Amino acid sequence: MNFEKNKNELSLRDIFFIFKKRLKFGAFIFLITIFLTFIYLLIAKPEYEISALIKVSSSSTPQLSGTADLILGTSNSQTADEPIIIKSRPVLLGVIKEENLLEYFRSKVKDLKKAEKITENNVAEMLEKKIQVNNDKNSSLLRVSFTYTDKELAYKVLNSLISNYLKFSAQLNKDEKSYTKEILEKKIPQLEEEIKQISEKIQKFKEEKSLAPTVEAEELSKGLIKLYQTLSDMEAKVSSYEKTVKLIESQIKQTKGIISESLYTPDSKVISELRAKLINLNVELSGLLQTYNESAPEVKEVKEKIRKTEEALEKEIRNKLSSKIDSSDPVLSELYSNLAQAQLQYEVSKVQYEAIKKQIENVEANLKKFPSYEQEYITLQRDYTIKQQLYSQLVLQYEQSKLSEAGLTAKIPIVIEEPIIPEKPSKPDKKLTLAIGGVLGIFFGIIGVFFREATDKIIRDEEDIKRLLGIQPVIFTQNEITTLSKINNSDSKSLKELTVKLFDEKEPKVIGFANVSDLEIFLSTKFADYISRIMSTVLITKDKKENISYYSMNESLSIISEPALKEVLVGKIEEEFSKNLNSLKEKYELVVIELPNYSDPNIYAGTKYVDKVVVVTIKNQSKKAELVNLLMNLKKTKEELIVVFAK
């Protein structure tokens with residue numbers, strides 16, 4: 001028989017009976033868990049949570065648009081930085097000094113040596129753990145809270161934390177704007193003085209020089225000034241495109257963190273050649289425009305060459321970038337496209353910048369052909385115009401910096417909800433803790449029941465036999481066992497049921513009784529006595545004759561005492577035993593044999609002589625593994641096995 005399937009499978013019915021059997025054990029674990037929860041609630045110190053609501057300003061940092069912006073979540077970068085600033089060391093150290101927390105925590109330690117070892121860093125680390133900053137729904141609102149056992153101290157600490165955070169945040173904004181303003185305040189007066197000096201030189205030149213510059217020199221001077229203006233504008237474009245490229249590079253690095261920014265700068269011999277070609281074409285176009293108008297064939301031809309060269313440059317840049325970036329990644333696809341476009345604009349603007357510089361060099365070389373006084377005049381006019389333009393730009397920046405500094409208060413976080421001292425502690429939440437304790441008690445109870453069942457090696461009830469073997473045992477109650485143990489009683493309901501099962505289909509000639517326990521209940525003797533009233537029966541028992549004579553047996557029952565039965569079943573004597581058994585089978589209608597003990601290997605030699613085997617198990621005595629092992633080695637079919645369970 002294969003009992004492994006029954007042993008490993010667990011049906012819903014089995015689970016129900018397991019819980020029914022182990023109900024007290026599971027309830028005990030549940031009550032222990034509830035008891036421990038009560039103990040925790042009694043000894044746990046109450047903690048008070050003080051909180052405040054702060055609104056931070058939105059960031060003015062340029063952001064990427066489109067899908068990449070949504071994926072990267074860059075719309076609230078300043079809000080994401082604020083929790084770090086709130087828990088930063090400068091803010092926490094300010095709180096520690098204001099509230100004298102170092103001395104407070106040292107005074108809590110009785111051991112003076114240990115108290116001296118407490119430092120500001122230790123207190124700051126404790127504060128950092130106790131401070132919670134939550135940003136609900138990615139908004140600009142921050143919920144800042146501090147939890148501690150002393151509610152008065154918690155209130156003071158949170159107020160001090162908010163105060164130090166606001167000061168530190170204002171200082172961060174002010175430092176950046178003030179630095180720009182200070183530079184401009186130094187630069188503008190210097191530039192004013194330089195413009196004044198150039199203006200005086202021009203006035204002096206006009207007074208001292210009797211000759212006025214030629215018309216050609218005047219035109220050349222105007223053209224040179226215009227070129228310098230264009231160069232300044234182009235330099236700003238180059239700087240802007242360069243910042244855009246770096247921004248996209250940093251966003252890609254932030255997204256995947258796999259490539260350093262330097263790897264994104266494309267370069268090759270082809271790109272260098274295309275740059276040089278674009279510079280020459282732009283210089284050539286500038287020269288043609290001085291002679292021809294926009295619709296001239298010569299101008300159109302050069303413009304077409306510039307367009308094709310830019311397309312070739314863009315293609316080469318994309319090829320270089322695609323070899324370094326995984327463009328198949330959907331997250332990087334839009335960023336990659338933006339990077340390629342920005343890189344192209346950056347390269348083209350650099351080319352145009354270099355072309356203008358080359359044009360300026362050519363114009364300045366032509367200036368050397370003019371008389372020295374005209375060269376001096378043109379140089380003074382150029383410097384004066386450039387300085388004036390720079391001065392206008394710096395003044396504009398200065399005014400903007402003053403407005404920004406004046407509006408700094410708009411960027412300082414605002415406290416919407418002030419901290420208040422709560423009346424009740426936030427921790428431990430008694431109802432929630434009890435509920436959690438109850439759930440844990442049920443969980444641990446279930447786990448305990450299954451663990452106890454899995455580790456229990458003893459047969460406790462008939463359900464264990466059903467689950468192990470898939471066999472319905474014949475159950476002998478404690479009362480029946482007590483009744484059968486009496487001298488003159490061999491009658492019981494279960495004994496009749498056992499008889500019916502043994503003679504249900506095919507009447508056996510030889511029945512063997514095996515006991516999976518060291519405790520004897522003499523079931524084979526009582527069965528033989530009972531069945532001898534119906535048919536002629538012989539009992540081959542291991543017990544001695546004097547022990548058997550203790551019972552008043554039926555006169556029709558023959559008893560053969562073989563105390564050394566295990567020695568008879570093996571060896572040379574086995575042939576004689578087999579012959580004697582055959583003689584007994586001819587003489588009697590039924591032969592009942594008490595087989596050797598379950599732990600004796602000779603039991604398997606004896607079972608080959610019997611037609612059916614009755615395996616006796618006893619509550620809280622028989623072991624599951626020994627029962628399964630015995631039945632698997634008996635090599636009997638299910639119909640040839642009867643299991644008895646004695647409660």
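Taking the criterion of being under 19 Å from Leu581 (Cα atoms) and open to solvent by 70 Å² or more (accessible area, probe 1.4 Å), the only residue of segment 605-647 that qualifies is Lys608. Take segment 24-47 and flag every residue that is buried (at least 16 other Cβ atoms within 10 Å of the Cβ) and at pLDDT below 90. Hit for segment 24-47 is Glu47, nothing else.
If only one of Lys506, Lys466 is open to solvent by 30 Å² or more (accessible area, probe 1.4 Å), part of a helix (DSSP H, G or I) and not hydrophobic (A, V, I, L, M, F, W, C), which one is it?
Going through Lys506, Lys466 in turn, just one is open to solvent by 30 Å² or more (accessible area, probe 1.4 Å), part of a helix (DSSP H, G or I) and not hydrophobic (A, V, I, L, M, F, W, C): Lys466.
Each residue in segment 399-433 was checked for being surrounded by fewer than 16 Cβ atoms within 10 Å (Cβ to Cβ), among the hydrophobic types (A, V, I, L, M, F, W, C) and modelled with pLDDT of 85 or more, and 5 pass. Test Phe450 against the criterion of being over 30 Å from Val238 (Cα atoms), without any contact (Cβ under 8 Å) to a residue 60 or more places away in the chain and open to solvent by 50 Å² or more (accessible area, probe 1.4 Å), and give yes or no. When the stated conditions are applied, Phe450 does not pass them. Quick one: would you say Lys21 is crowded, with 16+ Cβ neighbours inside 10 Å, more than 33 Å from the chain's Cα centre (by Cα) and either among the aliphatic types (A, V, I, L, M) or modelled with pLDDT under 85 (or both)? Yes; evaluated as a whole, the condition is true for this residue. Within the bounds of segment 159-168, is there any residue that is part of a helix (DSSP H, G or I), more than 36 Å from the chain's Cα centre (by Cα) and at pLDDT 90 or above? Looking through segment 159-168, none of the residues is part of a helix (DSSP H, G or I), more than 36 Å from the chain's Cα centre (by Cα) and at pLDDT 90 or above.
Exactly one condition in (1) surrounded by 13 or more Cβ atoms within 10 Å (Cβ to Cβ); (2) modelled with pLDDT of 80 or more; (3) farther than 30 Å from Leu278 by Cα; (4) over 48 Å from the mean Cα position of the chain (by Cα) is false for Leu396; which is it? Failing condition for Leu396: (1).
Here the condition is being surrounded by fewer than 18 Cβ atoms within 10 Å (Cβ to Cβ), acidic (Asp, Glu) and either within 26 Å of the chain's Cα centre (by Cα) or assigned to a strand (DSSP E or B) (or both); of Glu128, Glu152, it holds for Glu128 alone.
Rundown of residues vs (1) outside any helix (DSSP H, G or I); (2) touching a residue at least 40 places away in the same chain (Cβ under 8 Å); (3) open to solvent by less than 50 Å² (accessible area, probe 1.4 Å), yes/no style:
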{"residue": "Ala355", "(1), (2), (3)": "no, yes, yes"}
{"residue": "Phe370", "(1), (2), (3)": "yes, yes, yes"}
{"residue": "Glu374", "(1), (2), (3)": "no, yes, yes"}
{"residue": "Ser392", "(1), (2), (3)": "no, no, no"}
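Residue selection: Lys612 satisfies the criterion of being of a type in the set (Lys, Arg), in contact with a strand residue (DSSP E or B) (Cβ under 6 Å, 6 or more places away or on another chain) and farther than 14 Å from Leu539 by Cα. The C-beta contact set for segment 296-308 (first residue under 13 Å from Ile279 (Cα atoms), second residue open to solvent by 70 Å² or more (accessible area, probe 1.4 Å), distance under 8 angstrom, 6+ apart or interchain) comprises Val302/Glu284. Condition check: under 20 Å from Leu367 (Cβ atoms), surrounded by 11 or more Cβ atoms within 10 Å (Cβ to Cβ), more than 60 Å from the chain's Cα centre (by Cα) and not charged (D, E, K, R). Does Ser232 satisfy that? Answer is no for this residue. Among the numbered conditions (1) in a loop (DSSP other than H, G, I, E, B); (2) touching a residue at least 24 places away in the same chain (Cβ under 8 Å); (3) touching a helix residue (DSSP H, G or I) at 6+ places or on another chain (Cβ under 7 Å), the only one that Thr433 does not meet is (1). When segment 467-512 is filtered for residues that are at pLDDT 85 or above, polar (S, T, N, Q) and within 24 Å of Asn597 (Cβ to Cβ), only Ser494 remains.
Among the residues of segment 513-529, at least one is loosely packed, with under 15 Cβ neighbours inside 10 Å, modelled with pLDDT under 85 and in a loop (DSSP other than H, G, I, E, B).
Just to verify a result, which residue in segment 552-582, among those that are open to solvent by 70 Å² or more (accessible area, probe 1.4 Å) and modelled with pLDDT of 80 or more, is farthest from Thr537 (Cα to Cα)? Per the stated criteria, the residue is Lys579.
The values are calculated or read from the model by the stated rules, or taken from the named source; none is laboratory data. Just so we're clear, the structure is a prediction, and the values are computed from it rather than from any experiment. Note that we place each Cβ from the backbone using ideal geometry, even for glycine, and neighbour counts take in every protein chain shown. Accessible surface areas use protein heavy atoms only, side chains included; no ligands, DNA or RNA. Shrake-Rupley method; radii C 1.70, N 1.55, O 1.52, S 1.80 Å.
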